[in-house]
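A short write-up of the structure that comes next.
The values are calculated or read from the model by the stated rules, or taken from the named source; none is laboratory data. Keep in mind the model is a prediction, meaning the values are calculated, not measured. All Cβ positions, glycine included, derive from the backbone under ideal geometry; neighbour counts span all protein chains shown. Heavy atoms of the whole protein, side chains included, go into the accessibility calculation; ligands, DNA and RNA do not. Shrake-Rupley method; radii C 1.70, N 1.55, O 1.52, S 1.80 Å.
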Amino acid sequence: MASETLQTLLPPPPAEEAPTTTVAALTDDTLRNILHRLAPADLLRAALACHRWRRAAARCAKGAPPPLLGYFFHPADTPPPVHLPFSASRGRLHPAAFSPVDASSSSSPRLSLDYLGGTKGFIIYDVYLGLVLLLPTSLPSGTLPRILVLDPASRRRALLPQPPRDALPGDRWRGRRHIVGAAVLSRAHPSRLCFDAVCLTVDDKHPRAWVASYRDGECSWRALPRDTGVTVAFDPYWFEGRCVHAAGDIYWHICHSGRLLKLDPATLSFSYLLAPSELGDSNKKFRIGETPEDGRLGMATVEDQEMQFWVRGEASGSDNGWFLRKRMNMRKVLDTIPGLPRDMMSRIISIWLSDIDSGRTGKLFIKTQGYGRYSFHMDTGKLDRLATEDGKEYGHPIYAYYVAWPPAFLAPELEESDMSLKLIRLIDYC
């Protein structure tokens, strides 16, 4: 009896603690499966935790798409409305600006091109692979311009010299050369300022590619032969200087034409690409780009208050290799633009499509003469005005900026991982 009373007075024995699993106990495969589900920004934060997480994050980053940070553009003054054909005027362009994807978030990047001398006297011609390529505001005649290439994320820059005279021995086309523009061709390493750029010229009715290679602070030029398989039978003035990267190739639009000039970056050969006859034969203004879901070649137009989106595909029933995916009446959407005239003729000469969003958001950029610049979402039908805080509109074109991927601090881990895989394969082979 006394022993039972004593037992009731004593504290109960401690309960056995359930076994706990810490993060350190996760296997490498499990850790990678978890990190693989993170958004790019969260993946980078996880990579800063420790060396093991950085190695796992590097493996995940290798197959992940680069994150879209925002858009570069030249703000422009809104031009006055136009009431008669051929009387349209352009708004004056201002130095380049950057708009983050989520401007309301305090963690959004605030990138700038105003460092180490800025970009005075230059305008943007291409944004690709984390690099911004600019050319002088006024292009020279006959000789290629200097090319300014910036890496806004690392704040590095390279001002490429003009090609030396011996880059093209016996250059007899200098007096008949039209300089179209330039583009980023490739990047050797995402964390280093090592890249190739291409400059497009038309030398006596045939296109020519000039390739500049920048490595370790040194630039070398090579001039490729004219592509005599492609003839420019029109005034090359009608080429748009800014290019479009889409589905692995580079395209230049041609004003008042039903085709585009295409450059294959792998072979550096040129060819023409026909637009759908429904667009080209009717002289409708179209823009080339990519489909938002899978990056296939796409083409869009906003003409006569109707939006059309075409997708590239070779099969019976296609229109020059294109299929119409979506057609939408835009009248009610355009009615929401403040001050826009209601009559058809005024709208035809006041509205046109300026670009397909290269950020693959499913949006189109629509330009108006005197009524602002807008983004239009093809799925939701939402129309948003694109304006800066000081009231200027987004100038043409609007360039999506993706960070170079993977970032610099993950690149060494990838190189080490690749070397380890090669060593394992060599051991297995032996």
Single condition Ala183 does not satisfy, out of (1) closer than 21 Å to Glu240 by Cβ; (2) not in a strand (DSSP E or B):
(2)
Just one of Arg172, Arg157 is charged (D, E, K, R) and in a strand (DSSP E or B); which is it?
Arg157
Checked His189, His178 against criteria (in contact with a helix residue (DSSP H, G or I) (Cβ under 8 Å, 6 or more places away or on another chain), outside any strand (DSSP E or B) and open to solvent by 10 Å² or more (accessible area, probe 1.4 Å)); the one match is His189
Test: residue in the range 351-368 that is over 27 Å from Ala183 (Cα atoms), modelled with pLDDT under 95 and not polar (S, T, N, Q)
yes
Any chance Ala411 is closer than 30 Å to Ala64 by Cα, modelled with pLDDT of 95 or more, open to solvent by less than 60 Å² (accessible area, probe 1.4 Å) and among the aliphatic types (A, V, I, L, M)
no
Tabulated pairs, the range 199-222, first among the basic types (Lys, Arg), second part of a strand (DSSP E or B) and surrounded by fewer than 21 Cβ atoms within 10 Å (Cβ to Cβ), C-beta under 7 angstrom, 6+ apart or interchain
Arg208/Ala223; Arg222/Val211
Those residues of the range 324-339 which are open to solvent by 30 Å² or more (accessible area, probe 1.4 Å) and not in a strand (DSSP E or B), in sequence order
Arg331, Lys332, Asp335, Thr336, Pro338, Gly339
Could you count how many residues in the range 288-323 are more than 27 Å from Met344 (Cβ to Cβ), open to solvent by less than 10 Å² (accessible area, probe 1.4 Å) and among the polar types (S, T, N, Q)?
1
Does Thr78 qualify as being open to solvent by less than 100 Å² (accessible area, probe 1.4 Å), at pLDDT 85 or above and polar (S, T, N, Q)?
yes
Only one residue in Leu185, Leu134 is without any contact (Cβ under 8 Å) to a residue 60 or more places away in the chain and closer than 26 Å to Arg360 by Cα. Which one?
Leu134
Among the candidates Pro225, Pro163, residue that is touching a Leu at 6+ places or on another chain (Cβ under 7 Å) and not in a strand (DSSP E or B)
Pro163
If you scan the range 131-175, which residues turn out to be modelled with pLDDT under 95, under 30 Å from Leu68 (Cβ atoms) and open to solvent by 70 Å² or more (accessible area, probe 1.4 Å)?
Thr137, Arg155, Arg156
Just to be sure I understand, how many residues within the range 286-306 are within 19 Å of the chain's Cα centre (by Cα) and part of a loop (DSSP other than H, G, I, E, B)?
6
Please find, within the range 268-287, the residue that is farthest from Ile254 (Cα to Cα) out of those that are of a type in the set (D, E, K, R) and surrounded by fewer than 18 Cβ atoms within 10 Å (Cβ to Cβ).
Glu278
Identity of the residue in the range 348-360, open to solvent by 20 Å² or more (accessible area, probe 1.4 Å) and in contact with a Pro (Cβ under 6 Å, 6 or more places away or on another chain), that ends up nearest to Val333 (Cα to Cα)
Ile349
Give the residue that is farthest from Thr301 (Cα to Cα), with candidates limited to residues of the range 362-384 that are open to solvent by 50 Å² or more (accessible area, probe 1.4 Å) and either among the polar types (S, T, N, Q) or touching an Asp or Glu at 6+ places or on another chain (Cβ under 8 Å) (or both).
Thr380
Within the range 24-54, track down each residue that is basic (Lys, Arg) and touching a helix residue (DSSP H, G or I) at 6+ places or on another chain (Cβ under 6 Å).
Arg32, Arg54
